[in-house]
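Novice: Structure in structure tokens, see below.
The values are calculated or read from the model by the stated rules, or taken from the named source; none is laboratory data. Keep in mind that what you see is a predicted model, and the values were worked out from it rather than measured. Note that we place each Cβ from the backbone using ideal geometry, even for glycine, and neighbour counts take in every protein chain shown. We work out accessible area using only protein heavy atoms, side chains counted, and drop any ligands, DNA or RNA first. Shrake-Rupley method; radii C 1.70, N 1.55, O 1.52, S 1.80 Å.
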Amino acid sequence: MKEKIAPDSTVADVVRSLANPVEYVRLIIWNFVEDQYDREAAVVRIGVAGIGVAPNYKIEYQETIHLVGNPTAMRAAQIYHGRSHKKIEAYANQDTRDEHWSTRSMSFAELSALLGDLRKWKMA
């Protein structure tokens with residue numbers, strides 16, 4: 001029986017367990033670009049409740065809301081399905097709890113570098 005993903009895992013840590021690592025990382029980057037996240041500030045965390053075959057992931061970003069006229073920065077996130085890479089619009093509150101998500105994240109630049117490395121490795 002495979003072990004669960006370590007709580008501090010990133011996408012780079014699970015690529016060996018993915019069926020198609022190049023496509024998995026490419027589609028995370030696609031969602032990053034398509035949904036117009038800030039490439040300098042947003043980060044990706046993977047779900048750690050499974051065994052790493054196609055972990056769900058979330059793109060986290062800062063969002064400013066106005067509470068009683070005062071701008072307040074908050075952490076927001078969009079969760080994506082690990083197999084289909086589509087947004088998960090409805091989810092249980094337990095899916096958003098921090099213990100279900102890695103304690104470490106990857107930036108857009110780190111994901112892009114990982115994709116380049118995976119493509120080189122695949123060609124070799």
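Novice: Got a sec? Which of Tyr80, Tyr57, Tyr37 is surrounded by fewer than 19 Cβ atoms within 10 Å (Cβ to Cβ), in contact with a strand residue (DSSP E or B) (Cβ under 6 Å, 6 or more places away or on another chain) and not aliphatic (A, V, I, L, M)?
Specialist: Details: Tyr80 fails: surrounded by fewer than 19 Cβ atoms within 10 Å (Cβ to Cβ); Tyr57 fails: surrounded by fewer than 19 Cβ atoms within 10 Å (Cβ to Cβ).
Criteria check complete, one pass: Tyr37.
Novice: Follow-up question, since we're still on this one. Considering the range 1-11 alone, what residues qualify as being under 20 Å from Gln78 (Cα atoms) and open to solvent by 20 Å² or more (accessible area, probe 1.4 Å)?
Specialist: Once the filter is applied, which keeps residues that are under 20 Å from Gln78 (Cα atoms) and open to solvent by 20 Å² or more (accessible area, probe 1.4 Å), the range 1-11 yields Pro7, Asp8.
Novice: To continue, here is another question. Hey, can you tell me all the residues within the range 60-75 that are within 27 Å of Lys4 (Cβ to Cβ) and either in contact (Cβ under 8 Å) with a residue 60 or more places away in the chain or open to solvent by less than 70 Å² (accessible area, probe 1.4 Å) (or both)?
Specialist: Glu60, Tyr61
Novice: Please go through the range 15-30 and give me each residue that is at pLDDT below 95, of a type in the set (A, V, I, L, M, F, W, C) and either under 17 Å from Ser102 (Cβ atoms) or surrounded by 14 or more Cβ atoms within 10 Å (Cβ to Cβ) (or both), ordered by number.
Specialist: Val15, Leu18
Novice: For Ala90, only one of the following conditions fails: (1) in contact with a strand residue (DSSP E or B) (Cβ under 8 Å, 6 or more places away or on another chain); (2) more than 30 Å from Lys120 (Cβ to Cβ); (3) not hydroxyl-bearing (Ser, Thr, Tyr). What is its number?
Specialist: Only one criterion is unmet by Ala90, namely (1).
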